[in-house]
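Undergrad: Below: one structure in structure tokens.
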Amino acid sequence: MAKFEYAPAPESRAIVDLKPSYGLFINGEFTDSEGGSAFKSISPSTEEVLAEVTAASEADVDRAVVAARRAFNGAWGRMSGADRGKYLFRIARILQERAREFAVLESLDNGKPIRESRDVDVPLAAAHFFYHAGWADKLDFASLGSNPRPHGVVGQVIPWNFPLLMLSWKIAPALATGNTVVLKPAETTPLTALLFAEVLQQADLPPGVVNIVTGAGATGQAIVDHPGVDKLAFTGSTGVGKMIARSIAGTRKKATLELGGKAANIIFDDAPIDQAVEGIVNGIFFNQGHVCCAGSRLLVQESIADEVDRRLKRRLSTLRVGDPLDKNTDVGAINSRAQLERITELTAAGEAEGATRWEAECELPSKGFWFRPTVFTGVSQTHRIAQEEIFGPVLSVLTFRTPHEAVAKANNTPYGLSAGVWTEKGSRILWMADQLKAGVVWANTFNKFDPTSPFGGYKESGYGREGGRHGLAAYVTTGDTK
Ligand code: TAP
């Protein structure tokens, strides 16, 4: 099927006012590092340097934790839930007012299409603050247990795939429950977190309630190891999650870990095929497949496998890959050279192990990090591309004959974050949801997110939930105060 030619429709980047360099946001102010270094944040679609950012040292992390403790023992700790809620509402409204600025900056720094940052990331980030603002004065009625109280200082470390959205998943519940925060964004995507620090200043949040320290893994490790941190909230790879679990073993620190996934998207022969094809595309090509709950394993019933294959490839041939700031773009840039290398290595392994590779035909820009939407058929369960998280625009297709076989194959993974089921039969949806070992099961849809709905994993996808009433539970301690 021929692609229509579209005139370019670039979103202007003039709305973003980037500074040449950024300090750390500690105690309500941007400050210089004590003994840290600097690194550059680049645009993955052009490789242009966007800004120089500070790599926080252990001393900087210590200053941030001290500021967070002071705020917790001071004004913030004494504030009523209703007043905390007012700050959260204010932050949510400012995020809405500055939505275009955030969307453009997110697409520049992360490489994701503006259509997604504008319509998904930023509105959902604001929604998380609105939702948690409503809880701040109602914690006693949230069935969290008796006398829910904050832990104190929370250390939070987030990945690069949804930088502002993951920040809001972390900061909104922490503040609603009365904790204070030290957060580290990912090394390759620090810029929307730094813009968010400006929002906190605009909202007049008391100093030290939220501190943002940029840097790489060593800065994250310094937060994890700091004795002044009461609770950790981490989103990232299972490998780093295991290291964190090991480093805090034997301490009194609480932790929630949101880790990787290898979700099955399961299509039965009675599913509406065109809708299912849209769901497959959304499941694995949304955000370049940099999604922990991506439907990276397609399980399709054998009797319709050829038909799904044909329609899926036709649909993929219409996807537009390119400039993230162009409003026509469906698939943007891969976030970093390192991630591109990992995707390239795993897809080479797929071919070497005998699966059949297909790529959508499209021209890729000459600069930046790019990967064509790719489908592997003839995949067996032992192949690395069926077992390991690729975290890129790559789909592995397997087939099944019976619902039991679908369940066995879907659960044959160390992960358990999400799954999708496509069928017309309600009873089958309920039976499958019961059998699948996944924190979220979508029925006749995929990648739907809502702040009211808890999200999190089984097995090596981590523990704890984020969002909804269950997400609040991770940020409070309950029972007697003695
Ligand atoms: P990671 O390499 O694990 O990085 C996540 C964060 O941890 C980054 O801020 C990273 O800093 C930091 N970090 C690295 N080493 C650390 C250490 N030793 N101690 C403390 N922090 C450390 O993952 P990633 O490549 O950024 O993200 C992709 C992974 O995240 C995928 O596996 C994906 O499935 C998972 N993910 C899960 C979810 C949920 S909700 N389950 C959501 C999104 C992503 P640097 O960036 O500076 O290295």
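Undergrad: Tell me which residues come under 5 Å, amide H to amide H, from T399 once H is placed; ignore anything under 5 positions away on its chain.
TA: V300
Undergrad: Something else now. What is the extension gain from S366 to R310, computed as 0.36 nm multiplied by their sequence separation minus the C-alpha to C-alpha distance, in nm to one decimal? Before the final figure, lay out each step's value.
TA: Numbers: separation 56, 0.36 × 56 = 20.16 nm, distance 2.97 nm.
Value of the extension gain: 17.2 nm.
Undergrad: Among G439, G464, F391, pick out the residue whose Cα is farthest towards the positive end of the charge dipole of region 378-469, where Lys and Arg carry +1 and Asp and Glu carry -1 on C-beta, about the Cα centre.
TA: Of the options given, the answer is G439.
Undergrad: Taking amide H positions as placed 1.01 Å from N in the peptide plane, with prolines and chain starts having none, which residues 5 or more places from G295, or on another chain, fall under 5 Å of its amide H?
TA: Under 5 Å from the amide H of G295: I284.
Undergrad: Of all DSSP beta bridges in region 302-451, what percent run antiparallel (nearest 5)?
TA: 35 percent
Undergrad: Return the whole-Å distance between the Cα centroid of region 101-180 and the Cα centroid of region 255-279.
TA: One Cα centre to the other: 24 Å.
Undergrad: Full extension from D274 to S21: what is 0.36 nm times the residue separation minus their Cα-Cα distance, to one decimal in nm?
TA: Answer, rounded to one decimal: 86.3 nm.
Undergrad: Strictly greater than 30 Å: what percent of every Cα pair in the chain meets that?
TA: In whole percent, the share of Cα-Cα pairs in the chain beyond 30 Å is 45.
Undergrad: Reachable lysines from K170, Cα under 17 Å, same-chain residues fewer than 8 places away excluded?
TA: The reachable lysines, counting only those whose Cα sits under 17 Å from K170, are K184, K231, K253, K254.
Undergrad: Give me, ordered by chain and number, the residues 5 or more places off A55 or on other chains with an amide H under 5 Å from its own placed amide H.
TA: Close amide H contacts, sequence-distant or interchain: S37, A38, F39.
Undergrad: Compute log10 of I(q)/I(0) for region 10-164 with the Debye formula, placing one identical point scatterer on every Cα and leaving out solvent, at q = 0.16, 0.17, 0.18 Å⁻¹, to two decimals.
TA: Here the Debye-derived log intensity ratios amount to -1.14, -1.23, -1.30.
Undergrad: Related question: Tell me, how many Å apart are the Cα centres for region 382-416 and for region 31-50?
TA: 37 Å
Undergrad: Binned at 10 Å from 0, what are the whole-percent values of the Cα-Cα distance distribution for region 303-377, short to long?
TA: Over region 303-377, the share of Cα pairs per 10 Å bin runs 17, 43, 33, 7, 0 percent.
Undergrad: Which shape class applies to region 1-50: rounded if a/c is under 1.5, otherwise prolate when a/b exceeds b/c and oblate if not, where a ≥ b ≥ c are the square roots of the Cα gyration tensor eigenvalues?
TA: Judged from the Cα gyration tensor, region 1-50 comes out prolate (a/c at least 1.5, a/b above b/c).
Undergrad: If you place +1 on the Cβ of every Lys and Arg, -1 on the Cβ of every Asp and Glu, and leave all else neutral, what size is the dipole of the chain about its Cα centre, to the nearest 20 Debye?
TA: It works out to roughly 1220 debye.
Undergrad: Can you show me the helix-derived [θ] at 222 nm for the chain, built from DSSP H runs with n ≥ 4 at -39,500 (n - 2.57) apiece and divided by the number of residues, rounded to the nearest 500.
TA: It lands at -11000 deg cm²/dmol.
Undergrad: Give the angle, between 0 and 90 degrees and rounded to the nearest 10, that separates the Cα long axis of helix 426-435 from the longest principal axis of the Cα atoms of the chain.
TA: 60 degrees
Undergrad: Subtract the Cα-Cα distance of D32 and S237 from 0.36 nm times their separation in residues, and report this length gain in nm to one decimal.
TA: Taking 0.36 nm per residue and subtracting the Cα distance, the gain is 70.8 nm.
Undergrad: In whole Å, how far is the Cα centre of region 4-26 from that of region 432-460?
TA: Result: 33 Å between the Cα centres.
Undergrad: Please report the accessible area of M243 (heavy atoms, 1.4 Å probe, ligands and nucleic acids excluded) in Å², nearest 10.
TA: 90 Å²
Undergrad: Quick one: grab Rg to one decimal and Dmax as a whole number for region 363-482, Cα atoms only, in Å.
TA: So, for region 363-482, Rg and Dmax equal 18.2, 65 Å respectively.
Undergrad: I would also like to ask the following. If one takes the longest principal axis of the Cα atoms in the chain, at what angle in degrees, from 0 to 90 and to the nearest 10, does the Cα axis of helix 238-248 lie?
TA: With both axes taken from Cα atoms, the answer is about 30 degrees.
Undergrad: Which is farthest toward the positive dipole end of the chain among V281, T413, I267, measuring Cα position about the Cα centre, with Cβ charges +1 (Lys, Arg) and -1 (Asp, Glu)?
TA: Going by the Cα projections, it comes out as T413.
Undergrad: Taking 7 Å along the Cα-to-C-beta vector as the label spot, tell me the D434-A9 distance in nanometres, rounded to one decimal.
TA: 4.6 nm
Undergrad: Between helix 122-135 and the chain, what is the angle of the helix's C-alpha long axis to the longest principal axis, kept within 0 to 90° and rounded to the nearest 10?
TA: 50 degrees
Undergrad: Mind putting a number on the dipole of region 51-176 about its Cα centre? Charges go on the C-beta only, +1 for Lys and Arg and -1 for Asp and Glu, and I need it in Debye to the nearest 20.
TA: Roughly 460 debye for region 51-176.
Undergrad: How many nm separate the modelled label positions at D140 and K448, each set 7 Å beyond the Cα in the direction of the Cβ?
TA: Here the modelled spin labels are 3.6 nm apart.
Undergrad: Using a simple spin-label model with points 7 Å from Cα along the Cα→Cβ vector, what separation in nm is obtained for N412 and Y458?
TA: Those two pseudo-labels are separated by 1.6 nm.
Undergrad: Mean projection of the alpha-carbon convex hull of region 244-324 over all orientations, in nm²?
TA: Averaged projected hull area, Cα only: 8.3 nm².
The values are calculated or read from the model by the stated rules, or taken from the named source; none is laboratory data. Values in this document were obtained by computation on a predicted structure and should not be read as measured data. FYI the Cβ positions are ideal-geometry reconstructions off the backbone, even for glycines, and counts take in every protein chain you see. All accessible areas refer to the heavy atoms of the entire protein, side chains included, with ligands and DNA or RNA removed. Shrake-Rupley method; radii C 1.70, N 1.55, O 1.52, S 1.80 Å.
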